[in-house]
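Here the structure is laid out as structure tokens; the discussion comes afterwards.
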Amino acid sequence: MEKAQSKIELVEDDLSTIEFLKPELEHEGFEVCLAQTGREALEVFEKEAPNLILLDIMLPVLNGLEVLRQIRKKSDLPVILVTARNETFDKVKGLNAGADDYISKPFEIEELLARVNAVLRRVEKINSAVKQETEVTNGEITLIPKAMAMNINGNQIQLSKTEYLMLKLFMENPGELFSRDKIIDEVWGENHIIEPNAVDVYINYLRNKIKSVSEKEYFKNKRGVGFLMEKC
């Protein structure tokens, strides 16, 4: 996805942050639309159809996590959370709500731009995969690229972008043990800065979705090493 064709919705209530970020993003070739409250964020999302949202957590009227939850009911649009907090708990809450990535204030503009471009590249990677890839089956599970879903015993279950890429990695390499760092490189991209516990969060998402229609445990955790998907 070309940056000049990408529109970013910047959701931020701090004027000094807006005055800093908006011209920097525009300088990089992005079109920027603004929202300063949670409710306004949802209105701009509907009206402007952005390619990516930079979403501050601490917002008036409606907080960023609730905004994200409402967006996820309608769209798999990439969202990067921006927060002044740095606790792991907040990051996990953001991932649980469906964030694609997160960054903590204060940050360098170079880091933010790297994360934005990485997420947009990942979206393009998935879109290309959907057009080209064929279905992959392991045991009861069939990965369906065109639907970005998995089919288990006749039940089609929708996947998020990150869940899709992670399951694809394991489905194409059954029985292979992957470290958390390797999974991050393959799913989020090489040199991407994200905490290893994000892998555990998404493995649990996949486990729970599989368990909703199957009794089989596909994912195995080798303590201190990583994860593998059993070959069936």
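When Leu10, Leu62 are screened for being in a strand (DSSP E or B) and either surrounded by 13 or more Cβ atoms within 10 Å (Cβ to Cβ) or basic (Lys, Arg) (or both), only Leu10 passes. When Glu111 is tested against (1) in contact with a Leu (Cβ under 7 Å, 6 or more places away or on another chain); (2) touching a residue at least 12 places away in the same chain (Cβ under 8 Å), exactly one condition is not met: (1). Tell me yes or no: at least one residue of the range 167-181 is open to solvent by less than 40 Å² (accessible area, probe 1.4 Å) and among the acidic types (Asp, Glu). No, the range 167-181 contains no residue that is open to solvent by less than 40 Å² (accessible area, probe 1.4 Å) and among the acidic types (Asp, Glu).
Being under 21 Å from Glu217 (Cβ atoms), open to solvent by 60 Å² or more (accessible area, probe 1.4 Å) and polar (S, T, N, Q) is a property that Asn138 lacks. For Val92, the criteria (1) over 26 Å from Leu55 (Cβ atoms); (2) surrounded by fewer than 19 Cβ atoms within 10 Å (Cβ to Cβ); (3) in contact with a helix residue (DSSP H, G or I) (Cβ under 8 Å, 6 or more places away or on another chain) hold in every case but one, which is (1).
Yes/no per residue for (1) under 26 Å from Arg115 (Cα atoms); (2) among the polar types (S, T, N, Q):
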| position | (1), (2) |
| --- | --- |
| Asp185 | yes, no |
| Glu190 | yes, no |
| Asn197 | yes, yes |
| Asp200 | yes, no |
| Asn208 | no, yes |
| Lys216 | no, no |
| Arg223 | no, no |
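Just one of (1) open to solvent by less than 60 Å² (accessible area, probe 1.4 Å); (2) closer than 26 Å to Gly226 by Cβ; (3) in contact with a strand residue (DSSP E or B) (Cβ under 9 Å, 6 or more places away or on another chain) fails for Tyr205. It is (3). Residues that are buried (at least 16 other Cβ atoms within 10 Å of the Cβ), within 16 Å of Leu113 (Cβ to Cβ) and aromatic (Phe, Trp, Tyr) within the range 13-59 comprise just one, Phe30.
Checked against (1) modelled with pLDDT under 85; (2) within 30 Å of Phe30 (Cα to Cα), Asn197 passes all but condition (2).
A quick yes/no check of all residues on (1) at pLDDT 85 or above; (2) among the charged types (D, E, K, R); (3) touching a Ser or Thr at 6+ places or on another chain (Cβ under 9 Å):
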{"position": "Glu43", "(1), (2), (3)": "yes, yes, no"}
{"position": "Glu48", "(1), (2), (3)": "yes, yes, no"}
{"position": "Asn63", "(1), (2), (3)": "yes, no, no"}
{"position": "Glu66", "(1), (2), (3)": "yes, yes, no"}
{"position": "Lys73", "(1), (2), (3)": "no, yes, no"}
{"position": "Ile80", "(1), (2), (3)": "yes, no, no"}
{"position": "Glu87", "(1), (2), (3)": "no, yes, no"}
{"position": "Val123", "(1), (2), (3)": "no, no, no"}
{"position": "Ile152", "(1), (2), (3)": "yes, no, yes"}
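For Pro23, the conditions (1) touching a residue at least 24 places away in the same chain (Cβ under 8 Å); (2) closer than 23 Å to Glu108 by Cα are fulfilled apart from (1).
The values are calculated or read from the model by the stated rules, or taken from the named source; none is laboratory data. Predicted model, so just to flag it, every value in this text is computed and none were measured. Reconstructed Cβ throughout: ideal geometry from the backbone, glycine too, with neighbour counts over all protein chains shown. What goes into the accessible areas is simple: the full protein's heavy atoms, side chains included, and nothing from ligands, DNA or RNA. Shrake-Rupley method; radii C 1.70, N 1.55, O 1.52, S 1.80 Å.
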